[in-house]
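A.B. asks: One structure, pasted below without further comment.
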Amino acid sequence: MIILQARPVRYEREMDEIDLPAFEPGSVWLVGAGPGDPGLLTLYALHALRSADVVVYDALVDQRILDLAGKQARLEFAGKRGGRPSPTQPDISRRLIELAKAQNRVLRLKGGDPFVFGRGGEEALALVEAGIPFRLIPGITAGIGGLAYAGIPVTHREANAAVAFITGHTAGGDLPDTIDWMALAKGVPVIVFYMALTHLPQIVEKLMAAGRRRDEPVAIISKATTADQKVLISTLSACVAESEGIEPPAMVVVGEVVKLNAALDWFTPLQAKMRAKP
């Protein structure tokens, strides 16, 4: 494998050369920050960071992304972490409305994509009900970007023609009880579970009971796209025991595409090269 040079390049061209929409006072932009690496931000997301008066951000937004906010921006934490005191979803929505009615440019910054297990739909509906103008800026969801940084294609012609993205827990922290595990196990070759570490034993048990092979390849990707990313390659029957010590946030990938990590893991050598720099 050819290891890419880990040499930073800084572009000096101003974003003024790109025709970007005005971030109007009294409006809210719901923006996806991607899975962690600031380089995966969209131009609209960076524009919003530079223009916002208030940035209301989630727990999984990387600090390097927050550092891109304009000097005028006030940062407000609105993260929800399991087992810890957190603002409720209605509280967050009310705060967005309050800030917008005070004629702030409000950036609601969410990890990944706001509409992929990000509760962006709930917040957008609250803004509609309150008559607050908003814009939705998609982000790269961890199920796409995280797998790419682990050298695992989401789809591959020789492995799968379908993929499922499943949340590992409900708003109350339980394993979702609405999943048809038999249909999922038999009908979807590649399954990507978000936030699944807590309920991994139950997930594995349900998949094997529904017919998935004990030796089916599994990857657990922790802190995807960051310098602390770790990838565990295992099997369905062994992944629970081998995942001890893996830290959230983490995704679990089940399917034959996991095998391609052996050839396509480009990020681990790059991490090693960066750490070896004097």
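A.B. asks: Counting only residues that are of a type outside the set (Val, Ile, Thr), out of contact with any Gly (no Cβ under 9 Å at 6 or more places or on another chain) and within 21 Å of THR225 (Cα to Cα), how many does region 157-196 have?
C.D. replies: The number of residues fulfilling the criteria is 1.
A.B. asks: If you don't mind, another one. Take the residues in region 172-210 that are part of a loop (DSSP other than H, G, I, E, B) and in contact (Cβ under 8 Å) with a residue 60 or more places away in the chain, then tell me which one is nearest to VAL116 (Cα to Cα). First the steps, then the outcome.
C.D. replies: Of all residues in region 172-210, those part of a loop (DSSP other than H, G, I, E, B) come to 172-180, 188-189, 195-199, 210.
Next, from what is left, pick out any that are in contact (Cβ under 8 Å) with a residue 60 or more places away in the chain: 173, 189, 195, 198.
Working: GLY173: 17, PRO189: 20, MET195: 12, THR198: 20 Å.
Within region 172-210, the match that is nearest to VAL116 (Cα to Cα) is MET195.
A.B. asks: Considering only region 40-130, give the strands (runs of 3 or more DSSP E) lying wholly within it that have at least 1 residues that are within 16 Å of the chain's Cα centre (by Cα).
C.D. replies: Working: elements: 54-57, 74-77, 106-110.
Correct list: 54-57, 106-110.
A.B. asks: Which residue is surrounded by the most Cβ atoms within 10 Å (Cβ to Cβ), if the candidates are limited to region 88-106 and must be touching a strand residue (DSSP E or B) at 6+ places or on another chain (Cβ under 7 Å) and not β-branched (Val, Ile, Thr)?
C.D. replies: LEU96
A.B. asks: Looking at (1) modelled with pLDDT of 95 or more; (2) under 25 Å from ALA59 (Cβ atoms); (3) in the same structural domain as ALA224 (by TED's automatic domain parsing), find the lone condition where GLY168 falls short.
C.D. replies: Of everything listed in (1) modelled with pLDDT of 95 or more; (2) under 25 Å from ALA59 (Cβ atoms); (3) in the same structural domain as ALA224 (by TED's automatic domain parsing), GLY168 misses just condition (1).
A.B. asks: Is there a residue being more than 22 Å from the chain's Cα centre (by Cα), modelled with pLDDT under 95 and surrounded by 15 or more Cβ atoms within 10 Å (Cβ to Cβ) anywhere in region 12-33?
C.D. replies: yes
A.B. asks: When you scan region 222-240, how many residues do you find that are loosely packed, with under 15 Cβ neighbours inside 10 Å and closer than 20 Å to GLY211 by Cα?
C.D. replies: Of the residues in region 222-240, the ones loosely packed, with under 15 Cβ neighbours inside 10 Å are 227-228, 238.
Keeping just the survivors that are closer than 20 Å to GLY211 by Cα gives 238.
The qualifying residues number 1.
A.B. asks: Still on this model: Going through region 263-274 one residue at a time, which ones are outside any loop (DSSP other than H, G, I, E, B) and touching a residue at least 12 places away in the same chain (Cβ under 8 Å)?
C.D. replies: Selection gives ALA263, LEU264, PHE267, THR268, PRO269, LEU270, GLN271, LYS273, MET274.
A.B. asks: Of everything in region 45-71 that's without any contact (Cβ under 8 Å) to a residue 40 or more places away in the chain and crowded, with 19+ Cβ neighbours inside 10 Å, which residue is nearest to VAL31 (Cα to Cα)?
C.D. replies: In this case the residue turns out to be HIS47.
The values are calculated or read from the model by the stated rules, or taken from the named source; none is laboratory data. Quantities reported herein were computed from a predicted structural model and do not represent experimental measurements. Note that we place each Cβ from the backbone using ideal geometry, even for glycine, and neighbour counts take in every protein chain shown.
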